[in-house]
Structure formats: structure tokens, C-alpha cells
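The values are calculated or read from the model by the stated rules, or taken from the named source; none is laboratory data. Small disclaimer: the values here were computed from a predicted structure and weren't measured. All Cβ positions, even for glycine, are placed from backbone atoms using ideal geometry, and neighbour counts span all protein chains on display. Side chains included, ligands, DNA and RNA excluded: accessible areas come from the protein's heavy atoms. Shrake-Rupley method; radii C 1.70, N 1.55, O 1.52, S 1.80 Å.
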Amino acid sequence: MADNDYLIRLEGLTKTFSINSSRGFRSARLTAVNDVSFDIRRGEVFGLVGESGCGKSTLYKAALRLIEASSGSVYYQGRNLYEMSFRELMKVRREMQVVFQDPYDSLNPRMTLEELAAEPLRIHKYGGRARRLARTEELFAAVGLPVQLIKGYPHQLSGGQRQRLCIARALSLSPEFIVCDEAVSALDVSIQAQILNLLLDLKEQMGLTYLFISHNLSVVRFVSDRIGVMYFGRLVELAGKDELFDHILHPYTYALLSAVPEPDPGWIRKYAVLQGSVPSMLRPQAGCVFHSRCPHGDRLCTQTPPELRDFGGGHYAACHKAGELNLSLDTGCLAEKG
Amino acid sequence: MRTLLSNKFIMLGGAMILAMLLIALFAPLLTVYPYDGLDLANKNQAPSLEHMMGTDPYGRDVWCRVVYGSRVSLMVSFAAVGVAVVCGSVLGIVSGYLKGGFDLAAGRLIDIMMAFPSLLLSMIIGVALGPSTRNMCLSIGIPLIPIFYRVARGAALSVGERTFVIASESMGSGRFRTMFRHVLPNVLPQIFVVLSMGMGGSILAEASLGFLGLGIPQPTPSWGLIVNEGKPYMFTAPWTTGFSGAFIALTIWGFNLLGDGLRDHLDPRV
Amino acid sequence: MGSYVLKRFLSAVPTVIGVFVVVFFVIRMIPGDPAVSMLGSGATEAQIQVYRVKYGLDAPLPVQFGIAFRNFLTGDLGDSISLYKPVREAIMERLPGTVQLAGLGVVAGGILAVFLGVAAAVFRGKWPDLLLTSLSSLGMSLPTFYIGLWVLMIFARKLGVIPVLSNARGVSYWQSMFGPLLTMVVGETSLLTRTTRSSMLEIFNEDFIRTARAKGLPEKWVMFRHALGNAMIPIITVTGYNLATAFGGAIVLEAVFTRNGIGSLLIGAINARDYPLIQGAAVVIAMLMILVNIMTDIIYGFADPRIRVSGE
Amino acid sequence: MSDGGVLLDIRGLRVRFPMRGRGPVCAVNGVDLTLRKGESLGIVGESGCGKSVTFSSVMRLVQSPPAVLEGEILLDGRDVMRMSGAELRRMRGKEIAMIFQEPMTSLNPVMRVGKQIIETLRLHESLSEKQAEEKALEYFQMVEIPDARSRFWCYPHQLSGGLRQRVMIAMALICNPRVLLADEPTTALDVTIQAQILELLGRLRRKNDMSVVLITHDLCVIAQLAERVAVFYAGRVVEEASAGELFANPMHPYTMGLLRCVPTMRTVSRRLDMIEGNIPDPACLPAGCAFHPRCPFAADVCREQAPEKRFFGERRFAACHRAGEVG
């Protein structure tokens, strides 16, 4: 990977929480993000998938330094965020914005839509009232919101319109990098399609870079250029979108992708469904974190945790037996209905 | 605003409070007899035409005493609640939102204050500061602080987790700016509900202290004092404490009803 | 569960120390020489000197505090000026009466309130609810002494069932207890009925109530086996904390019914400027309240399995 | 495809809720649906289309003092709307059972899960405590809860989301109901857990020859489990067909739009096909066909008259003036 064409580089990012359980006195340590490293190139949509509790949200908060990482560093345009002073960090934070999941909870019900959209402008002291109003109207148009709503309140908007306002708010300081944290998961299917198309159009118009986080694999597959898969706080596989779906290397990615149902009655699951559930993070796992549920696990997997190895063409996987397993996802044939 | 008035609790409570305020305001117009001085000749007269509520053990007209007493009692109660709501809410919001060391320290202080029954705390502070109307505001106000602290802290805790607060922080807004622009406006409604209840508690405290003889000192007429004066003649001349007690109860009821109405109005589910 | 209880006790230690600090310094805020104010104006110079040495009043404040706190731990609260006997003795004589009054009042009120609160929640919107809600909001607004006066008028004067002066000779325990207890129950029931009703209404909107109905359970089962079980948790918490305010009410009631409790003792001490007794009584009552809060949290832990039984 | 007699027949169901400050909101306005014995019916629709309210009304879980219910719901010929309290309680859990979306909050947090199942059993069948416990444990194994005996005495907060949903399924099936209503059963679960639950529901349905109504907004889940599909929009059924017919050849423009805008593993185009406009607000529905503001084929007749059902086979229809001519 050429050294300088990345926008953001994560190196060995780790975040550990200490939870003082009400039971005993010693506080249990929970490693939500465990030594994650990857780059995001300029103008790229980097998809991050994983089930709930795998550390996706903690990762982006640590990456933007909204919460302090326990160790590791984050390079944004070559400068390490964790070595910056608070003032410098605030200046850099203008270029990194976040769009959140729940449209009904991400807008302060007591502020008008104009104030909500212009809040980043006011925080970073962008011009006077008139310039801010002009910029807000421009943003309303960019995200497809009728301008006459500007004086209204959030309760007058539908879910889709609220999410458009959140996007307008994120765009107000014309950022370089936007994190979409489950940005469409709370929306209905028809509205979801509108917002996904809007995000992709805006990316092209404004040359944005996205970190798109979701548990919905079909959505991530549609919108991303490269996809990372997380499990139990670790990055277990990373590849280009088509490369990931055509040559799966990690058993968990395989289980995840085969579990996604298709909108076609003929489709029938050919392979055994992943049994059991995610082990509790309070009890750290020796060796590979997935070995307890992995059908291919052996003694080696239970001892040494696998490293994220490069399998060529930007395809990385953290599994001792990656490449040796035959994990193909050809679609099922018509069979007796489930 | 329209739906605010449609809630019958708010209307009823509001009306009672308004009536009480008007009585206190236009006291000189409503009273014929002097509220102080001494007229032992016709002491403890039963309610009659000229003395609507009878006379107290010092011969003064009970109605005039009550009307003028309402001025002092309401003023002290408003001041006491004012002190309590400001301290309690500020402490509560800051510890609920900023958490960390401040939350622990403030929490400890409030635990200590809550260890004392509020009446006992009022007594102790009264002893320390000495009896005067100004000190009464503090000795009634301070025990009310924990009530506002707990409501404000609980509300700030839950609002702090709302996405729009996290969004504001991620936009680069400082902790204090976020607290004033986002947390405070969404915590205030819940504080108003408790404010109304607090007023009721404050009037109750003033009357109880007065009844125990530890309230507002002798010359200034206040509801607690009237009740205290009438106490020894409870059986022979019950109207002194009867009417002043009724006035106190009505005012407190007004504030409680207003509080109920505000809570129903705020919480659509109930 | 054991460590939860231990942790709760340990967390109360700073509060106990804090309470002692508050009372110690509040009393010290009184203007004038503490020895003179403690011993009263009639004390001779020699007595003042002895007192000064005993409590190290010449020493710097922290040392004084150390002495006072050590004495407190050993149970020595100093001597009362107006009663000429150790403060501890005076308090222990009067404390049980008030504690019983407050305790019984809250317990009786609590039990009654649970029924009334549940009834109000079940018949939400219908006449029982409106009646109970307005009665309880009235009951809450009536000052304790006002209810007391009416109870006294009706039962003592008209019916003559209870004595006017509870501390008179030949008055049986229950006779002196009936009036204040009845007054206390009226106040407490009103307060707790509102709590029960609102926590029941909140539970009604929970998903598991809908599941219980979808299972075909009769409404009574849904109400008492599912809703009430969950509503008991906030009720226990509020009842525990109400005991502190109930104690305040008990102090007032002792004035109304002229009962010899810690309240009348305290009022006498305040009027007589008997600072050691005030300081002693305040500290003892506060310690009692802290104990009550701890017991409430422990009972709360038992009622709520999420605290009693840890996660998987 | 078992095709027994009609088990559940909903005719002209209409549900109105009074709203504070505005007129009554019609969440369900005129729904007709039939469910046959052993049939698995998928109900799909976006939020606010009335799918959950319809089936909550079948169980009479909608509090009728505020809400106004009209129409008939026939279960084996008996009208649920006219049932007395006692009849209703005998029906719920015994003949019709329901599982819900949020496994986290659908179980009583202060009661052991085992006890919550035994409670249902002893209500409908007079079994001793011991017998009931045995049968409940048997159902625990049937829904594949690992080491069932120890989990039986756990509290809900000690179980994961997937396990709690399995407990809900065991609780629903314990009295061997004839119809199982599943309201978004897997929406709150992760993909891998969802696959486990869907497969379990499929197997149990075939084993007990039970009719299942699967209510969800996710077309992929519908395709996985349902034999017939009914599409809801703005409180009405706009299309009903067998799963194969509906997914291969949808007749109603809304169904077409829905199928096209769902990203799948095989979507290659850079942009998704969209349905313009917003989800209809039940409080102020447009005149004529409720979908006309968003419909690419909307004609004048669509804007004025409510569409009739056009039938394209014995139990296949689309409520659209231009069904069949477009798409």
C-alpha cells in the first residue's frame, strides 16, 4: 500500500474498559477493540461489518479520538491524532463528522432545524448569521430537504427527512471524512434506498471518504469499496468487496455471509448454520477468538492467536487455516421450502 | 400553550395558587383590622359577622393575620425554593453530565444532607444561624436541595446518553457548551415538576417550624406563627389554627396539583 | 450478594464521618465561647476550665474534632446541660418512642398504600382512581400537625377515646400511640399511594405485561404476579427513603400529642440552648437514617434478582 | 403445501386510535385476510402500515377503550371480537400464541424463565407442578436451548438475546396452539442468531403442522419462511399471492418498488432503484389510492378513487387500478 495516499491509518488500536461489577470488588477488564490496524484511502467507502458487541462503534470513537484509546495510534493525513493538543484536535475534528443511527434521537427536540443544521458552523465560528443561513439553505438543497422547513422543529419531520438533516449537519463544514454508524439501519427499506443513493451521490460530488459501519451485510456490500469484518473486538478479514465475497478466507466471514437470507423463495441455505453465541468478553479467549464456534478449529487455533496475514491483492485474514478451506458461497438451488 | 391549559390539574392548581398570590398582594384592601397590636378585650371571639374568622388569643382578627401572614410565608417559601432549585439543579446537572470526581464528591455531600430528616436539618441550621426571617430561607431551603439534586442528576444522566448530545460532542462542542445548549433545556421540564412540589414542601416546612415555635420570630406575622399562637387554645378557640391550617393546606394542595398536572403533561404515556 | 451488602456498608462510612463533621461544625458556628455556651451562663470558672481541658477546646480545631469523634465512637456524647445526665442516656430513653411511631406509621401506611395504589392503577381513569388520586394529593398537602389537630379534636375531645395529653399518668401504650399513629398513617398512605400508582402504571406499558396477556393469563394474575412483583422495587426504595421524612413528621406529632419522644427532647434542648444534647440527638438520628437507607438498599437487592444474581 | 380449511378469517377489520389534538388516526382501514390450516403466511410492510396492529387485534391485545375496533375476526367460525373475557383467555396461548420482537423486554425480569412457562401450562392444562416442569423442560430441549436444565431456573437477564427468543418460542408452543403469530421475531437479533431462529421456526412448523403468521419488514426473512405473502400499505392489504408468484412476478407497483430497492448479495448496479416520497402518515392519508403520490404509474383515476382488488388467480390479487398493465 503506497505510504501516503491514505486518508486515515489505524495502527494497533486497542481500547479496554474496566467494568466494576456490582458483585466482587475487583473490576473486570473488557477489551472491546483489540489491536486493529487498517487504512482508508481518500475517496473510498470502507465498510465495517460485524455483529452487535464486536466493537465496531468503539473502534470509530477511538479512531476519531472521541474516546481515548488504551494503546495504538491514528494517523489522519500523516499526523497522529493521539499526539495532538486539544486545540489542534478540535481543528482536525472539523474535517471528521459522524452520522448516527437513530434519527429520532439524534436531533435536539428543542432546537429549530436551522439551528440544528448550523450548529457545527456556530461551534467552529464560521462567518456571521447571514452567511450561516445561506450555507444552511445550500445544505438543505444538497440533501433534498424543502427549504421552507428551515424554521420548523424535528417532530415535524419523518424518519428519512431527519436522517437527511443529520447528513446536512455533518456536511456543513465540508468535511473530508464521514463515519456512518448504522446510518440506515433504523430506516424503512424504501427510505433506506433513498439515503444510500444520497450518500453515494454526495460522495462523488464532494469527494468524501466514508467509514460505513453496519450489521446489515447486504447494505455494506452495496455501498462499500473495501470491507473489513470484525469479531470479538478483532479485525478477522479485510478485502475488496468482490474479492471478499468470491474468495472467503475466514470461517467467521463465511458463516456471516451464508447466514444472510436472500429475497428469493428458491434460495435455500446449503451449509450448516453457525451454532452457539458470542462468548462473554469478560472471559478473554486464549488463541483464536473464534475457535469455540469454528467447525475447522484444531489445537493450534486454541493456543496462538492468528495474525492478520496478507494473501495478496489487498486480501487480509486472521486465521491459521485461511486459504486451505473451501468456503464458496454459490447460491442454493430450488428445494423443498424451509 | 393551549394543551397546557387543557390539563385540569394545572388549571385547578394554578387557580388556587393565583388566588393565594392575589390575597397576599392585595392584603391592605382585604383587611379592615390591624394585623398586629393588642386588643385583649375581645380575645378568642368565635367567628362572627365582623370577625369572619374570629379573633386570636391576642384579640387580633384572624382573617387579617392570615392574609398578612401569607405575604411572609409565601415570600420565605419562594426564596427557600429558589435557593434550593438553583443549588440542587446546578449540582445535579453537572454531576449527572460530567460524572467523574465531581459526581462522587457532590453525591457524598448530598448523602450527608439526606441522612437528616429535613425538619431536623432545618432545626439545626436554624440553631446555628439564629432565628431571623432571612435565615429561615436558608434553613428551609437547604434541606430541599437533595430533592432537586436527585431529579436533575437523574435527568442529566439520561439526557447525556441521548444521541444528539453525543453528536454535539463529536462535532467538537466543548463539554460546557453542550451542557448548556443540549442537556439543560431538556432537563428543565422535569425540574419544573419538582419545583412545584418543592414549593409545597417549603410552605409545609415553614408552617411546621412555626408550629414548633422554631419558625419566623415573634413580631412578623406568618402562618406558622398564627398556628403556634392558636395551639394552646386548640380546644377552647379552635378557629385560629383551624383557618390558618386550612389556608396552608389549600396552598400546598394547589402546588401539588400543579406539579401533578405538569408531570402528566410532560409524560404522554401516563 | 454478600459482597453487595459489604460494599453498601463500606460506602456508608464516609457519610457517617461526614454527618459528624457537619454537626460538629454547625454547632461550632454559634457565636461566643463554646465552653460558656456548652455549660450555660450559670457555670463557674472552675467548671468551664475543667470542661475546656476535657474537650481540648484550647487545642486546634482538628484535634478537638479528633477528641469528639473518639468520644462519639466510644458512645460518650458528653453531658446534657439542661437535663443534668449523659446525653446518651437522655436520647436512649426517648428514641424508641419516636422510632416506633415513625416505623409503624411507614409500615402501616405502606401496606395500606400498596392496596390503594394498585386499586387506583387498576381502575385507571374510573371513579376509584379519581377519588384515590385526589384524596392522596389532599392527604399529602395537609400539614402533619393539622391532621393531628383534627384527630385530637375528634377522638380526644368529642369521643374521648384517647387522652389529650399523651404523657399523662395512667395512659396505656396503645392509647398514647393511637392518635399520632393514625395521623402518621394518613400522611404516609397518601404519599405511598401515589408512588405505587405511578410505578404500577409505568409497569403496565412494559412488554412482558403484553406477553402475559398474550399467554391468556387472567387480569388478576397479570396484575399481582407480574405487575406488582416489578412495581415492588421502586415502592421499597421510596418507602425506605420516606422513613426519614416520616421521622420529621413524628417530631411534629410529639408536639401535637405532647408525647415524650426525641422530638420534644430536641425542641426542649433547642429552647434551652443545650448544645451537647442537640449535637448528640442530631448525630444519633442521622446514624439511624443511614442504617435505614442501607437496609432499604439491601431489601431492594433481594427483591430485584438482577442485583441478587449476577449475569451468566 | 398443506391446504386445509380456513382457520383464521379477518373481514373488513378497521382500527382507529384517538390522537391528542388531532382527529382519530386509522391505523388499519379495511383488512381482509385468510389463513388456512398448516399454512405459513408472511405479512410484509413498512412501519406504520398497520401489520402489527392487525394481529394484535386478532389477539385482542389492543386496549379497546381508547381504540375503536370494527369488522370480524373469525377463528374456526367463532368471532374473536364478540368473545367474552373468559373465552378470550381460553383462546390466548391455547389456540393462538404470539411471540414478539424485543426478547430483552418480553420476559418478566423478576421471575425465573422456567416458572413463566409452567405458569402458562398450568393455566390451560391441569397438570401438577412436577408434570408441568417436565413438559416445559421437554420444550426447552425442543427449541435447542443448550444445557436446558440449568438454564430453566435462570432469570431473563442471565440469557442472551437468542436464548430468550427461544424461551419465548417454547412458551408460545407449550400448549400446542393451532396458530403462531410471530411479530418481527428476528429483527432485534444478529444475522447468525436470526438464521438459527428462522431455521428452528421452519422445522417446528413442519413438525407440528402449525399455521404461522410471520410479520416483518424484511423481505428476505419472508422469502425464507413464508408460503403465501400479503403486502400491507397504509393500513390495507395491497397485494396477496404465493411466495413464488409474488417474488417472481409482483403485480402491485409498491411490491415491485420494495423488491427492487432491497440490496442483495447479487446487486451489482451503482444505484438502488428508489421509491420516491415519504412513508404515509396514518393521520392524513392521501385521497384515492394511498400509494399514488409515490407511484411512478399513477393516473388520474388513482388520485380520485380507492382501487378495487383485481384477482389474478384463485387467491392472488393486487389492489391497484393498473395492476397487470404496468411493470
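How big is the convex hull of the Cα atoms of chain A, per residue, in Å³?
Numbers: hull volume 58.2 nm³, N = 338.
Expressed per residue, the convex hull around the Cα atoms of chain A is 172 Å³.
The residues D:279, B:140, sorted by heavy-atom accessible surface at 1.4 Å with ligands and nucleic acids left out, run D:279, B:140 from largest to smallest. Ligands, DNA and RNA aside, residue B:196 has an accessible area near 10 Å² when probed at 1.4 Å.
Convex hull volume of the C-alpha atoms in the range B:56-114, normalised per residue: 92 Å³. Measure nothing but the geometry: give the 0 to 90° angle between the long axis through the Cα atoms of C:275-303 and the longest principal axis through the Cα atoms of chain C, rounded to 10°. For C:275-303 against chain C, the angle is about 30 degrees.
Peptide B:159-167: average number of partner chain Cβ atoms within 10 Å per residue? All intermediate terms of the calculation are to be shown ahead of the outcome.
Details: counts 1, 0, 1, 6, 12, 13, 3, 7, 14.
Per residue, the number of nearby Cβ atoms from other chains is 6 on average.
Residue by residue along D:99-106, Cβ atoms of other protein chains within 10 Å of the local Cβ number 3 on average. Kindly flag which residue pairs out of A:151/A:241; D:207/D:309; B:43/C:85; A:56/D:51; D:130/D:207 have an alpha-carbon separation exceeding 30 Å in this structure. Over 30 Å Cα-Cα: A:151/A:241; D:207/D:309; B:43/C:85; A:56/D:51. Scattering from the range A:158-278 was approximated by placing one identical point on each alpha carbon and applying the Debye formula without solvent; log10 I(q)/I(0) at 0.12 1/Å stands at -0.53. When only Cα pairs below 8 angstrom with a gap of at least 6 residues are kept, chain A shows a relative contact order of 19 percent. As a ratio to 2.2 N^0.38 Å, the alpha-carbon radius of gyration computed for the range C:159-312 takes the value 1.42. A 1.4 Å probe, protein heavy atoms only, puts the accessible area of residue D:209 near 80 Å².
D by Stokes-Einstein for the protein assembly as shown, Kirkwood Rh over Cα pairs, 4 °C, 1.567 mPa s: 37 µm²/s.
These residues, A:42, B:60, go from largest to smallest accessible area, 1.4 Å probe, as A:42, B:60. Computed from Cα atoms, the angle from the helix C:45-54 axis to the main principal axis of chain C rounds to 50 degrees. Among the protein heavy atoms, those of residue C:287 account for about 40 Å² of accessible surface (1.4 Å probe, every chain in place). Sorting B:250-259, D:317-326, B:173-182, A:176-185 by average packing, meaning the other beta carbons within 10 Å per residue, from highest down gives B:250-259, A:176-185, D:317-326, B:173-182. Over all directions, the projected convex hull of the C-alpha atoms in the range D:108-176 averages 4.1 nm² in area. Cα centroids of the range B:229-270 and the range D:154-217: 55 Å apart. Among the residues of D:255-263, the average count of other protein chain beta-carbon atoms within 10 Å of the residue beta-carbon is 5. Once the 1.4 Å probe is applied to the protein heavy atoms, the range C:91-303 comes out at 37 Å² accessible per residue.
Is the shape of the range B:2-266 rounded, prolate or oblate, going by the alpha carbon gyration tensor and its root eigenvalues a ≥ b ≥ c, with a/c under 1.5 for rounded and a/b larger than b/c for prolate? Let's see the in-between values first.
On the way: a/c = 3.29, a/b = 1.98, b/c = 1.66.
Prolate, because a/c is 1.5 or more and a/b exceeds b/c.
Taking C:161, C:238, C:122 as the candidate residues, the one with maximal mean-square fluctuation in a Gaussian network model of chain C, Cα springs under 10 Å, is C:161. Our estimate of slack between residue A:280 and residue A:110, defined as 0.36 nm per intervening residue step minus the Cα-Cα distance, is 57.3 nm.
For a Förster distance of 51 Å, can you work out the FRET efficiency between the beta-carbons of residue D:129 and residue C:5, rounded to the nearest 0.05?
On the way: r = 32 Å, r/R0 = 0.63.
Between residue D:129 and residue C:5 the formula returns 0.95.
If a/c stays under 1.5 just call it rounded; otherwise compare a/b with b/c (prolate if a/b is bigger, oblate if not). Do that for the range D:209-317, with a ≥ b ≥ c from the square roots of the Cα gyration tensor eigenvalues. Here the range D:209-317 falls in the oblate category.
Could you give the DSSP H helices of chain D that reach 24 angstrom or more along their long axis (alpha carbon positions) and whose average Kyte-Doolittle hydropathy is no lower than -1.0?
D:191-208
Rolling a 1.4 Å probe across the protein heavy atoms gives the range A:3-246 an accessible surface of 36 Å² per residue. Rg and Dmax over the alpha-carbon atoms of the range C:67-178 stand at 20.5, 62 Å. Judged by the ratio a/c of the largest to the smallest principal axis of the C-alpha gyration tensor, chain C counts as oblate, that ratio being 1.5 or greater while a/b is no larger than b/c. Measuring r between the beta carbons of residue D:149 and residue A:296 and using R0 = 45 Å, the FRET efficiency lands at 0.90. For chain A, the membrane-span-like helix rule (DSSP H, alpha carbon extent of at least 15 Å along the helix axis, mean Kyte-Doolittle at least -1.0) picks out A:113-123, A:129-142, A:159-171, A:189-206; this says nothing about an actual membrane.
Taking 1.567 mPa s as the viscosity and 4 °C as the temperature, the Stokes-Einstein diffusion coefficient of chain D based on its alpha-carbon Kirkwood radius rounds to 62 µm²/s.
Per residue, the accessible area of the range B:2-266 comes to 38 Å², computed with a 1.4 Å probe over protein heavy atoms only.
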